[in-house]
Amino acid sequence: MSTSTYKRFEDPESGSLPDKMTVYQECLQAFNASPIKAKKCRALLSRLLRLLYNGETFQKTEATNLFFSVSKLFHNADPSLRQLGYLAIKELCSISDDVLMITASIMKDIQGAEPVFKPDAIRTLSRVLDGSTIHAAERAMRNCIVDSNQAVCSAALVSTYHMLPVARDVVRRWANEAQEAISASKTLVRSPYTTHDNFGASARLPQSTYFHQYHALGLLYHLKKQDRMAMLKLIQQLTSRQSLQSSFAVLQLVRYVASMLQEDTSGQLAQQFWPLFNSWLNNKSEMVELDAAKVVLAPSSRFNQEQQLKAITTLQELLSVPRTVTRFSAVRLLSRVALADPEMVRACNSDLESLVNDPCRSISTYAITTLLKTGNAQSVDRLVKTIAGFMGDISDEFKVVVVEAVRTLTLKFPEKHSSLLVFLGDALRDEGGYNFKNSVIEAIFDIVKFVPDAREAALELFCEFIEDCEYTELAVRVLHLLGEYGPKAKKPSLYVRHIYNRVVLENSIVRSSAVIALSKFALVGDKQLTASIRILLQRCLQDVDDEVRDRTALSLRLVEGAELKSSTRARALLQPETRFSLAALEQQLCRYVRSKDKTSFSQAFDIKVVPRHTEEEILATEYKAKIAVEDDMASMSTQAKMETITSKNEAHILSTEGGRSSSKPVAASDLAARSNLLQQQYSQELSGIDEFQDYGLLLHSSGVVELTERETEFIVTAVKHVFKEHIVIQYNVENTLKDIQVEDVTVMTQLDTDDYKEETAVPAAMLKPDSSVCVYVSFSRPADHRMVLATMTNSLAYVSKDVDESTGEPASDDEGFPDEYQIEDLAITPGDFVTPCFTGSFTSSFDGLNNEEVAVYNLGRSEENPLAKVVKRLSQSMSMTPLEGSDMVDSSASHTLKLFGKSINGDKVAALVKLVSSSKGVMMKTQVRSSDSELAQMLANQWE
């Protein structure tokens, strides 16, 4: 049908659909006519299909009439009409009655020799048949799967997917044919109706595209994915014979192998499959190379560093290919890897430099942001200047990526805050949507919080921004920050005018926030400024909005209290020294409201159960979150399973009411709340156990320590909870056995010191197969609350019973037999008594602590990233916050780590760790200062 003929019936660009009843009546009339006019019927079928594809439907009676009318077109031999007829029948099958009547006509076409509409007949047949009638077509479908015509083979394989839900047992018998289709040679058979005069390019078509391999492999995967050994055998067969010629099929195989690696807990499959990935990283298809590199470099990857460097080399080569999409994919993947391991990507910096001026702005943006993550302090100014030149040429989405990279760079190189603030200031003045402006605001917020030297310059940017801010939410956040940090500046009065302008010019929401921000400036101790603030607030008492008036009245009352030298209450409300954990507060309120006890509301909500944190503790958690997680991480492997009992334990604890946990990664803005919530959940779970109700406030909980290998019968991990007078060890025990149930599960411990006395043990009554429980052991601390180090030996004790496969339960008369399982020792370390804290100036805080202890160690040799691994281990073992970007290792020869924290007794502690890597190993000099001499000595000497 020509284009002009089609447009006479309906113009597809007009946006309006043809009248349904008109099409219905014309179709019945034309399809039942004799003789059949193929040209007119093709046009009517096109209009009918357009209605169906746009969501229009017919009543069952009308659809059945149309269905049988279309079936009468089989009397005409026109191949184009036959193709459109099959499309219409396929759409009408689901809403028509007695569709099985057409089976004979379809089977006749399937068994015929015409290659044009034979694939359409196969696809239509899969919609007509059901579980009870598929047996009649089983032989025909098998023959089509092994047909030498590639189009027929692919149609049969795809149709088989649609039959899986209704006749899986029948389809399972076709696995041999699908296996044969992968290795068999298929050709593109051309229709005799297609001539070189009509299609001049037909002579240049390839003999085969091998796309049927992609469909056959997908079908085999669905049939065998539940059988791990069958999948391993299939992979071995396909790779040993090199049967796959289709790049799409190879790509699919890469993803199937990747899913098996995610499910593998032993880690052995990674090395077993490495020869395959090594060949895929050198494949002729670029998309295969990219997907293989993505699997090898995944965060949950079990490949070693040498193998990952091979993937980096492949990506480096792809950076110079002429295809834009390939360069974009390669540089984006390198940018993601640079978040977790900048040292690995640093070898690609020269190639990334060549992409800075790439015609595709998306590529150049990723290239520069990757260079920002992997570069050094000397290259920051040049890179920021380069990217500022084309910020106006990229979309807001990529602007956010750039701003996130600059924010991370500020935390990594705080001494470069001047040039980075200039860049962020220019970005704040540029045009952009809410997401872009919000990302810039977040970046400057981090500078204000974590880089004190840049605080006043950043506040000036905010003063300029709120003068012309179109987003109410952003204006409110900026005003809050000005009220929090403005009074601490050298000249607080500079910010008062900008804040008061918001009271005069903005909407009621912004005016309310401005009133509270103004009131905080009355606490700086300047009488003249306080009097001015009082006058400004009195003007706000006449505001038309009641919220503004109420806040003004409260603020004036607090200001008057400050003038009467009773500012303690005012300061506690406007500038509190400690703040509630919002995540814990929300959780406690939810528990209070959802309590099943009908008398729960007879008692007031107890705010004392909600923990409070100092500003240093809050900043430490936020700082750790900012440098640990980036927005790009959210796009990585959200379907990856939790690999360790550590993740399972945290997920269980984070479920407020015991609901289902999620394995999705947490964004940076949520990590601080997650950490606080995890600590609060530990506290609530322990307080809910009768034996620990009187232990008081939980001071600190350690990270999860693994006490067994993950391939053993029982996976045991431990968490150390420190109270004022007690230490509680929480043992998480997972039973990986399928046919063994254990009861009376407990852990027998023995310490190497008498300073701790075992008080009580809380065993688990039952541990079923493939499940986990918690076991607790409590010790009393020394009476003088000293921080004592110790090592305890552990042994898992239980009664074992065999599980009956039929019932899933042990026999009623099975008394079981007692058994023990030895697990690794657990040490109480100095880090168990220290919590991370933040300080704006590490040098001044370090110099202000008077008790010092120095120690030098040789840590031995490490094959892979020695300094990076030592830095990570030190931060975790000492339980302190790495400051000034010192957790990022730029050199493989030497590094300086700066750590800051606070003991559970409130003593501040700072550590300056100097590391040097040589052929003899990693030398470490630890210089620890604290207000507590014993704490400094313990932390400095804990590696002896």
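The values are calculated or read from the model by the stated rules, or taken from the named source; none is laboratory data. Note that the structure is a prediction, hence the values are computed from the model and not measured. For neighbour counting, all protein chains shown are included, and Cβ atoms are generated from backbone atoms with ideal geometry for every residue, glycine included.
If we scan region 432-455, do we find a residue that is closer than 30 Å to SER320 by Cβ and touching a residue at least 12 places away in the same chain (Cβ under 8 Å)?
no
Looking at VAL403, VAL422, which one is among the aliphatic types (A, V, I, L, M), closer than 20 Å to ARG455 by Cα, surrounded by 23 or more Cβ atoms within 10 Å (Cβ to Cβ) and at pLDDT 85 or above?
From the options VAL403, VAL422, the qualifying one is VAL403.
Among the numbered conditions (1) outside the structural domain of PHE521 (by TED's automatic domain parsing); (2) more than 29 Å from the chain's Cα centre (by Cα); (3) assigned to a loop (DSSP other than H, G, I, E, B), tell me where SER418 comes up short.
That leaves (3) as the condition not met.
Among the residues of region 807-838, write down those that are touching a Lys or Arg at 6+ places or on another chain (Cβ under 6 Å) and closer than 30 Å to LEU935 by Cα.
ASP832, THR835, CYS837
I'd like to check something: does region 52-59 contain any residue that is under 20 Å from SER16 (Cα atoms) and either in contact with an Asp or Glu (Cβ under 8 Å, 6 or more places away or on another chain) or assigned to a helix (DSSP H, G or I) (or both)?
yes
Does ASN278 fit the bill of being surrounded by fewer than 17 Cβ atoms within 10 Å (Cβ to Cβ), in a helix (DSSP H, G or I), in contact (Cβ under 8 Å) with a residue 24 or more places away in the chain and over 24 Å from the mean Cα position of the chain (by Cα)?
The answer is yes for ASN278.
Name the residue, out of ALA475, ALA457, that is within 36 Å of the chain's Cα centre (by Cα) and surrounded by 18 or more Cβ atoms within 10 Å (Cβ to Cβ).
ALA475
Looking at region 801-822, is at least one residue within 30 Å of VAL909 (Cβ to Cβ), surrounded by 12 or more Cβ atoms within 10 Å (Cβ to Cβ) and among the aliphatic types (A, V, I, L, M)?
no
Please specify each residue of region 740-773 satisfying the condition of being under 38 Å from the mean Cα position of the chain (by Cα), acidic (Asp, Glu) and either farther than 21 Å from SER812 by Cβ or exposed (fewer than 12 other Cβ atoms within 10 Å of the Cβ) (or both).
ASP770
Which residue pairs have Cβ atoms closer than 9 Å, lie 6 or more positions apart in sequence or on different chains, and pair a first residue in region 388-399 that is under 12 Å from GLY433 (Cα atoms) with a second residue that is part of a loop (DSSP other than H, G, I, E, B) and of a type in the set (Gly, Ala, Ser)?
As it stands, the answer is ASP396/GLY432; ASP396/GLY433; LYS399/GLY432, since those pairs meet every condition given.
With the condition kept exactly as written, say whether any residue in region 779-797 is more than 24 Å from THR717 (Cα to Cα), of a type in the set (A, V, I, L, M) and crowded, with 17+ Cβ neighbours inside 10 Å.
no
Listed here are the residues, each with its yes/no results for (1) surrounded by 14 or more Cβ atoms within 10 Å (Cβ to Cβ); (2) in contact with a Cys (Cβ under 9 Å, 6 or more places away or on another chain).
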position	(1), (2)
SER94	no, no
ASP97	no, no
GLN111	no, no
PHE117	yes, no
ILE122	yes, yes
SER126	yes, no
ILE134	yes, no
CYS144	yes, yes
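Do you know which of the residues in region 320-355 that are touching an Asp or Glu at 6+ places or on another chain (Cβ under 6 Å) and buried (at least 20 other Cβ atoms within 10 Å of the Cβ) is farthest from LYS872 (Cα to Cα)?
The qualifying residue farthest from LYS872 (Cα to Cα) is ARG336.
Tell me, please, whether a residue that is of a type in the set (Ser, Thr, Tyr) and either more than 30 Å from VAL762 (Cβ to Cβ) or over 35 Å from the mean Cα position of the chain (by Cα) (or both) can be found in region 829-837.
No, every residue in region 829-837 fails to be of a type in the set (Ser, Thr, Tyr) and either more than 30 Å from VAL762 (Cβ to Cβ) or over 35 Å from the mean Cα position of the chain (by Cα) (or both).
Within region 855-877, take every residue that is modelled with pLDDT of 80 or more and closer than 21 Å to ASN304 by Cα and give me the one that is surrounded by the most Cβ atoms within 10 Å (Cβ to Cβ).
Among those residues, the one meeting the criterion is VAL871.
Of the residues GLU484, GLU470, GLU563, which is over 27 Å from LEU424 (Cα atoms) and modelled with pLDDT under 90?
GLU563 is the lone residue from the list that is over 27 Å from LEU424 (Cα atoms) and modelled with pLDDT under 90.
Please specify each residue of region 788-825 satisfying the condition of being aliphatic (A, V, I, L, M), free of Cβ contacts under 8 Å to residues at least 24 places away in the same chain and touching a Phe, Trp or Tyr at 6+ places or on another chain (Cβ under 8 Å).
Within region 788-825, none qualify.
Can you run down the residue pairs with Cβ atoms below 8 Å, 6 or more apart or on separate chains, where the first is in region 898-913 and in contact (Cβ under 8 Å) with a residue 40 or more places away in the chain and the partner is of a type in the set (Asp, Glu)?
LYS898/GLU884; LYS902/GLU616; LYS902/GLU617; SER903/ASP932; ASN905/ASP932; VAL909/ASP932
If SER266 satisfies all but one of (1) at pLDDT below 90; (2) in contact with an Asp or Glu (Cβ under 7 Å, 6 or more places away or on another chain); (3) within 28 Å of TYR161 (Cα to Cα), what's the number of the condition it fails?
The one condition SER266 does not meet is (3).
Quick check on SER285: is it outside the structural domain of ILE715 (by TED's automatic domain parsing), in contact with a helix residue (DSSP H, G or I) (Cβ under 7 Å, 6 or more places away or on another chain) and surrounded by fewer than 21 Cβ atoms within 10 Å (Cβ to Cβ)?
Spelling it out, SER285 is indeed outside the structural domain of ILE715 (by TED's automatic domain parsing), in contact with a helix residue (DSSP H, G or I) (Cβ under 7 Å, 6 or more places away or on another chain) and surrounded by fewer than 21 Cβ atoms within 10 Å (Cβ to Cβ).
Go through (1) of a type outside the set (Phe, Trp, Tyr); (2) outside any loop (DSSP other than H, G, I, E, B); (3) in contact with a Ser or Thr (Cβ under 7 Å, 6 or more places away or on another chain); (4) over 26 Å from TYR210 (Cα atoms) one by one and return the number of the condition ASP97 breaks.
Status for ASP97: all satisfied but (2).
Give the residue that is nearest to SER301 (Cα to Cα), with candidates limited to residues of region 212-269 that are outside any loop (DSSP other than H, G, I, E, B) and of a type in the set (D, E, K, R).
Ranking the qualifying residues of region 212-269, first place goes to GLU263.
Just for region 695-735: of the residues that are surrounded by fewer than 19 Cβ atoms within 10 Å (Cβ to Cβ) and acidic (Asp, Glu), which one is nearest to the chain's Cα centre (by Cα)?
The extreme case among them is GLU706.
Going residue by residue through region 351-374, is there one that turns out to be under 30 Å from LYS491 (Cα atoms) and modelled with pLDDT of 80 or more?
no
A quick yes/no check of all residues on (1) of a type outside the set (A, V, I, L, M); (2) closer than 26 Å to ASN143 by Cβ:
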residue	(1), (2)
PRO35	yes, no
LEU45	no, no
ARG50	yes, no
LEU66	no, no
LYS72	yes, no
LYS90	yes, yes
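Might you let me know whether region 682-695 holds any residue that is modelled with pLDDT under 80 and closer than 21 Å to VAL799 by Cα?
Checking region 682-695: not a single residue is modelled with pLDDT under 80 and closer than 21 Å to VAL799 by Cα.
Could you name every one of the strands (runs of 3 or more DSSP E) located completely within region 746-833 that has at least 2 residues being more than 29 Å from GLY901 (Cβ to Cβ) and charged (D, E, K, R)?
Where strands (runs of 3 or more DSSP E) fall fully within region 746-833 and carry at least 2 residues being more than 29 Å from GLY901 (Cβ to Cβ) and charged (D, E, K, R), they are 790-802, 817-828.
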